[in-house]
Amino acid sequence: MNIKIVAVGKLKEKYFKQGIAEYAKRLSRFTKFTIVEVPDEKAPETLSTAEISQVKTKEGDRILSKIQPKEYVYALAIEGKQRPSEVFAKELSQLTTYGHSDITFVIGGSLGLSPEVMQRADDTLSFGKLTLPHQLMRLVLTEQIYRAFMINSGSPYHK
Ligand SMILES: C[S@@+](CC[C@H](N)C(=O)[O-])C[C@H]1O[C@@H](n2cnc3c(N)ncnc32)[C@H](O)[C@@H]1O
């Protein structure tokens with residue numbers, strides 16, 4: 001299985017980089033895991049609705065350029081579908097069974113994901129109603145993917 005995260009913006013903070021590197025290392029025994037960063041669109045503090053839409057479209061186009069038709073895509077969205085870790089783990093395992101060997105997770109920028117990205121997504125994944133910063137979201141998602149593999153291997157890591 002190949003797992004990829006496509007994320008808007010650069011990971012700046014060292015502590016996020018270290019945390020993600022640790023889970024990426026642990027994941028390497030289960031799967032090929034990659035993170036692809038696309039540039040965020042520089043924008044002033046206050047934006048009109050049209051400008052917000054333009055920023056999301058530009059970032060969305062960059063995201064879509066990194067996704068191949070064969071990839072099964074989860075869009076991370078606050079209003080998306082929530083599920084327990086065990087259900088998420090089972091889903092990942094079933095996707096492989098049904099022939100999806102390329103699974104991609106998409107994390108938006110500060111304004112969220114464009115409608116085009118949401119349309120391309122095969123499913124959505126929400127971590128609850130709280131808004132997480134995109135850098136932290138990347139760390140939390142990487143841990144949850146690792147947790148899913150640990151659940152599927154019957155490890156006591158998941159209690
Ligand atoms: C700072 S948030 C964007 C907030 C924006 N107002 C929105 O509603 O999407 C950046 C990205 O992190 C992800 N994200 C943040 N919190 C999340 C949550 N609770 N569940 C799922 N994804 C989340 C989403 O992909 C989002 O596009």
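The values are calculated or read from the model by the stated rules, or taken from the named source; none is laboratory data. From a predicted model like this one, the values you see are computed outputs, not experimental measurements. Glycine also receives a Cβ, built like all others from the backbone with ideal geometry; neighbour counts cover every protein chain displayed. Calculation scope for accessible area: heavy atoms of the full protein, side chains included, ligands and nucleic acids excluded. Shrake-Rupley method; radii C 1.70, N 1.55, O 1.52, S 1.80 Å.
Rolling a 1.4 Å probe over the protein heavy atoms of the chain, with every protein chain left in place, gives an accessible area that is 53 percent carbon and sulfur.
Here's the list of aspartates and glutamates a cross-link from K12 could span, going by alpha-carbon distance under 15 Å and ignoring same-chain residues fewer than 8 apart: E37, D40. 3J(HN,Hα) couplings calculated from phi for the stretch 95-102 with the Karplus curve 6.51 cos²θ - 1.76 cosθ + 1.60 (θ = phi - 60°) are, in sequence order, 4, 5, 4, 8, x, 8, 9, 10 Hz; Gly and Pro show x. Protein heavy-atom accessible surface, 1.4 Å probe, per residue over the stretch 1-145: 56 Å². Proximity of backbone amide H atoms, modeled 1.01 Å from N, is registered between F105 and K4, I5, V6, Y74 at under 5 Å, excluding neighbours fewer than 5 places apart on the same chain.
Could you quote the convex hull projected area for the chain, Cα atoms only and averaged over all directions, in nm²? Each step should come with its number before you reach the end.
Numbers: hull surface 37.8 nm².
Mean orientational projected area (the chain, Cα hull): 9.4 nm².
About the Cα centre of the chain, what is the dipole size in debye to 20, counting +1 per Lys and Arg Cβ and -1 per Asp and Glu Cβ, all else neutral?
Working: 23 positive and 18 negative charges, 126 e Å.
Roughly 600 debye, rounded to the nearest 20.
When only Cα pairs under 8 Å and 6 or more residues apart are kept, what is the percent relative contact order across the chain? The partial results should precede the final answer.
Working: 236 pairs, mean separation 54.1, N = 159.
About 34 percent, as a whole number.
Across the stretch 135-144, computed HN-Hα scalar couplings (Karplus, 6.51 cos²θ - 1.76 cosθ + 1.60, θ = phi - 60°) run 5, 5, 4, 5, 5, 4, 4, 4, 5, 5 Hz from first to last residue, x flagging Gly and Pro.
Distances between placed amide hydrogens fall under 5 Å for T124 paired with A75, K81, all partners being 5 or more residues away or on another chain. Angle of helix 14-27 to the longest C-alpha principal axis of the chain, folded into 0 to 90 degrees and rounded to 10: 40°.
Within the stretch 59-159, which GluC sites (Glu not before Pro) sit in a loop by DSSP and count at most 14 neighbouring Cβ atoms inside 10 Å?
Details: sites: E59, E71, E79, E86, E91, E116, E143; in loops: E71, E79.
Hits after loop and neighbour filter: E79.
Of I107, I78, I52, the residue with the greatest mean-square motion in the GNM of the chain, using alpha carbon springs below 10 Å, is I52.
With springs only between Cα atoms under 10 Å apart, run a GNM on the chain and tell me which of K90, K81, K14 wobbles the most. Result: K14 has the largest fluctuation of those listed. Residue-wise HN-Hα couplings along the stretch 38-48, as the Karplus relation 6.51 cos²θ - 1.76 cosθ + 1.60 with θ = phi - 60° gives them from phi, are 10, x, 7, 8, 5, 8, x, 4, 9, 9, 6 Hz; Gly and Pro carry x.
One decimal place: the segment Y98-Y15 gains 26.2 nm when fully extended, by the rule 0.36 nm per residue minus the C-alpha distance.
Model label sites at E22 and V87, defined 7 Å from Cα along the beta-carbon direction, differ in position by 2.9 nm.
Under a GNM of the chain (C-alpha, springs under 10 Å), which listed residue has the highest mean-square fluctuation: A50, A148, A121? Of the options given, A50 has the highest mean-square fluctuation.
The long axis of helix 49-64 is offset from the longest Cα principal axis of the chain by roughly 40 degrees. Distance from the alpha carbon centroid of the stretch 92-117 to that of the stretch 1-72 works out to 11 angstrom. Stretching R29 away from V140 to a fully extended chain increases their span by 38.0 nm, per 0.36 nm per residue minus the current alpha-carbon distance.
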